[in-house]
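Let me begin by presenting the structure, written as structure tokens, before commenting on it.
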Amino acid sequence: MPHPLDPLTAEEIRQAAGIVRRDRGVGDGWRFASIELKEPSKADLPALESGRRSGREALAVCWNRADGQAYRAVVSLTGDTVTAWEHLPGQQPNMTVDEWHECDEMIRAHPAVIDSLGRRGITDLSRVLADMWAYGAAVVPERYAGRRIGWCDLWYRGSELGNPYAHHLTGLHPVVDLNTMELLEIEDNYQGGADPEVMGEYLPDLLPMRLRSVAPLEISQPDGVGFTLDGTLLSWQNWQLRLGFNHRESLVLHQVGFQDGERLRSVAHRLSFAEMVVPYRDASPDHYRRTAFDIGEWGLGFMTTSLALGCDCLGEITYLDAVVHDSRGEPVTIPNAICIHEEDSGVLWKHVDERAGAEVRRARRLVVSFHATVANYEYLVYWRFYQDGNIECEVRATGIMVTSHIAAPGSRPANGTVVDHGIYAPFHQHFIVARLDLDVDGPSNTVYATDSRPAAPGGDDPYALGLTVESTPLRTEAEGRQDYDWGVQRGWKVVNSSVVNGLGTPVGYKLVPSAAFPPLLDPASPAFQRAQAIGHTLWVTPYREDERWPCGDFPVQAARDTGLPVWTEADRPIENTDVVLWYVFGIHHITRPEDWPVMPADIVSFWLKPFGFFDRNPALDVPPSHHH
Ligand SMILES: [Cu+2]
């Protein structure tokens, strides 16, 4: 029996697509953009979990290539029927991997492209890569309005296995109708001149230097791992959580709880990444369309890659496969998509007493992770659970930066950094929106902004040494729009006022912000209009089952953000209710030569820390390690 939150199986995906095809006349000329579990609402979950009710549902988005019309279906797998069929006029569903590959193939075989490449001296088409990007509405040429279009960069491998992203064919950009899969036009601003002399390789055989030596470092757990995985239910060191997955968010953590004595206490109902916005901040012809929505346009689940033992993950590893699908609705299994393992994490706590001597505990953490490759870039996502009740969410960005040729020999680009001879990498930002549906000891929570303030001199504090913390409850969605403030070391506390700890204070968990940065975008700019969610560090909304995507359900070719800014216009109350936090963080990427040709992982993270959730350090009972 699957748990009601278990992702769709391959068979269920095939079944959902089959029902939609059979009942709605969805034929060969259509594509499936997404097929996923329709997660039961919070209200329905208890009855489904206890078996008092049953039923599995799928959510599918598909479109007809002939007329471009898109539809969203709710499919009852149990009832073998389509229960809802919503027409989505004017919406472009997410991009599909099939379109990306078909576009690459079409472009490389097209006579006009071959002609353009020939003028640059490129005749080996097997070394060419067409990397297709989605448009934002404002930069779609007017003559193509309403069509599903993509624009491409062309890249060239220096050898059979050479890095295509080392050689940008600057100034050459095919524009494609993705429904008819025809080339609409080629922008070709080739001025002559040779490809710059670049060392853009990272494979050992292609490097100009020898590899250094490193001593072996191995992790072993001779008695096995310290966690148990029962289906999708993961338990470790008082923590319990359920693993989910879908095409768009990739890994989802459900029902995160902490076993505290007799009580299994809820911390979060659901944790995931709901959007990632990557505006490139360079207005030049090669880059002005580059505003990627890696989650809304492409999907972190579709982009999730298989992990390898000893390389991606070290030690005693448990892997889970994931299932996505292609645009015909056929399931596609990603083996080893999710990695689960324990890590040593240095010292947990320590004190040296002059009589009792040194008392020290080593920390360990449970890591649940996945890696996604979005064309040239990789995102490595690690959710880490600690013995002291902390949750850390770390993101590592690595892979290959986008580059293009500098304007003229010796010139310095205004919006990027020269990273090799004759090429530069434009500045850009990776904004990640984490959707944090916290349920601290139950769903009824209030978020407080906590600001530290110095005392003014005078009264009983003549030396002005005092520091106070001002906690302000966020009562409405307008108040829930929060910005990081370094000057007061702002944080946010999620409090359940109806549950008190042993000290008589309401229990809470604190969102400790880091890696947050302002958009630094003109509010009127099209890039910002499509992604207004990045305009604040934190948004707080009341839980609604259908409010999932902070920049809108369909960011492809969107003009405006129809998610958070629209939902929060109603300014709904968020006090003592089931709140969802949307935390915006990421990487403000001012590109460096050291990020080339492959970028050493840039590491950012944020933390969720218990704040009065426990009465004292919850890791006092961790045993000491053995001396060697
Ligand atoms: Cu970057």
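The values are calculated or read from the model by the stated rules, or taken from the named source; none is laboratory data. Note that this is a predicted model, so its numbers are computed, not measured. Using ideal geometry, Cβ is built from the backbone for each residue, glycine included, and neighbour counts are taken over all protein chains shown.
Before moving on, here are some points about what is shown:
- Identity of the residue in segment 394-431, small (Gly, Ala, Ser) and within 21 Å of the chain's Cα centre (by Cα), that ends up farthest from Trp607 (Cα to Cα): Gly399
- Single match in Ser266, Ser272, Ser306, Ser284 (criterion: within 29 Å of Val494 (Cα to Cα) and surrounded by fewer than 20 Cβ atoms within 10 Å (Cβ to Cβ)): Ser266
Per-residue answers, yes or no, for (1) within 30 Å of Trp236 (Cα to Cα); (2) of a type outside the set (S, T, N, Q); (3) touching a strand residue (DSSP E or B) at 6+ places or on another chain (Cβ under 8 Å); (4) part of a loop (DSSP other than H, G, I, E, B):
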site: Gly389; (1), (2), (3), (4): yes, yes, yes, yes
site: Ala397; (1), (2), (3), (4): yes, yes, yes, no
site: Ala408; (1), (2), (3), (4): no, yes, no, yes
site: Arg412; (1), (2), (3), (4): no, yes, yes, yes
site: Ala449; (1), (2), (3), (4): no, yes, yes, no
site: Ser452; (1), (2), (3), (4): no, no, yes, no
site: Thr468; (1), (2), (3), (4): no, no, yes, no
site: Ser471; (1), (2), (3), (4): no, no, yes, no
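Matching residues to (1) acidic (Asp, Glu); (2) closer than 21 Å to Pro519 by Cβ; (3) touching an Asp or Glu at 6+ places or on another chain (Cβ under 9 Å); (4) within 16 Å of the ligand (Cβ to nearest atom):
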position	(1), (2), (3), (4)
Asp561	yes, yes, no, no
Arg572	no, no, yes, no
Leu581	no, yes, yes, no
Glu594	yes, no, no, yes
His626	no, no, no, no
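Conditions tested, residue by residue: (1) polar (S, T, N, Q); (2) touching a Gly at 6+ places or on another chain (Cβ under 9 Å); (3) surrounded by 13 or more Cβ atoms within 10 Å (Cβ to Cβ); (4) under 26 Å from Glu36 (Cβ atoms).
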site	(1), (2), (3), (4)
Arg289	no, yes, yes, no
Ala292	no, no, yes, yes
Pro335	no, no, no, yes
Gly346	no, no, no, no
Trp349	no, no, yes, no
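- Contacts under 7 angstrom Cβ, first residue in segment 149-172 being acidic (Asp, Glu), partner at pLDDT 95 or above, 6 or more apart: Asp153/Asp131; Asp153/His168; Asp153/His173
- Residue match in segment 380-388 (condition: within 16 Å of the ligand (Cβ to nearest atom), more than 19 Å from Gly224 (Cα to Cα) and either aromatic (Phe, Trp, Tyr) or modelled with pLDDT of 95 or more (or both)): yes
- Scanning segment 570-594 for residues that are part of a helix (DSSP H, G or I), in contact (Cβ under 8 Å) with a residue 12 or more places away in the chain and not aliphatic (A, V, I, L, M) yields a single hit, Pro593.
- Ser605, sole failed condition from (1) buried (at least 16 other Cβ atoms within 10 Å of the Cβ); (2) outside any loop (DSSP other than H, G, I, E, B): (1)
- Inter-residue pairs, beta-carbon under 9 Å, first more than 19 Å from His247 (Cβ to Cβ) and in segment 51-78, second part of a strand (DSSP E or B) and of a type in the set (Gly, Ala, Ser), 6+ apart: Gly55/Ser76; Asn64/Ala70; Ser76/Ala58
- The set of residues in segment 82-92 that are under 21 Å from Glu12 (Cα atoms) and either among the β-branched types (Val, Ile, Thr) or not in a strand (DSSP E or B) (or both) comprises Val82, Thr83.
- All conditions in (1) surrounded by 12 or more Cβ atoms within 10 Å (Cβ to Cβ); (2) in contact (Cβ under 8 Å) with a residue 60 or more places away in the chain; (3) closer than 30 Å to Gly162 by Cβ hold for Glu197, with the sole exception of (1).
- Any hit, segment 214-227, residues being closer than 22 Å to His371 by Cα, part of a strand (DSSP E or B) and at pLDDT 95 or above: no
- Tabulated pairs, segment 420-440, first within 12 Å of the ligand (Cβ to nearest atom), second among the aliphatic types (A, V, I, L, M) and outside any strand (DSSP E or B), C-beta under 6 angstrom, 6+ apart or interchain: Ala425/Met401; Phe427/Ile590; Phe431/Ile534
- Flag not set for Phe613, criterion: within 17 Å of the chain's Cα centre (by Cα) and either over 23 Å from Thr472 (Cα atoms) or modelled with pLDDT of 95 or more (or both).
- For Thr398, the conditions (1) within 14 Å of the ligand (Cβ to nearest atom); (2) over 30 Å from His254 (Cβ atoms) are fulfilled apart from (2).
- Taking the criterion of being among the aromatic types (Phe, Trp, Tyr) and either more than 24 Å from Thr562 (Cβ to Cβ) or out of contact with any His (no Cβ under 7 Å at 6 or more places or on another chain) (or both), the residues of segment 71-100 that qualify are Trp85, Trp100.
- Extreme residue, farthest from Phe293 (Cα to Cα), among residues of segment 576-601 that are out of contact with any Pro (no Cβ under 6 Å at 6 or more places or on another chain) and of a type in the set (Asp, Glu): Glu594
- If the condition is being part of a loop (DSSP other than H, G, I, E, B) and aromatic (Phe, Trp, Tyr), then segment 533-569 contributes Tyr543, Trp549, Phe554.
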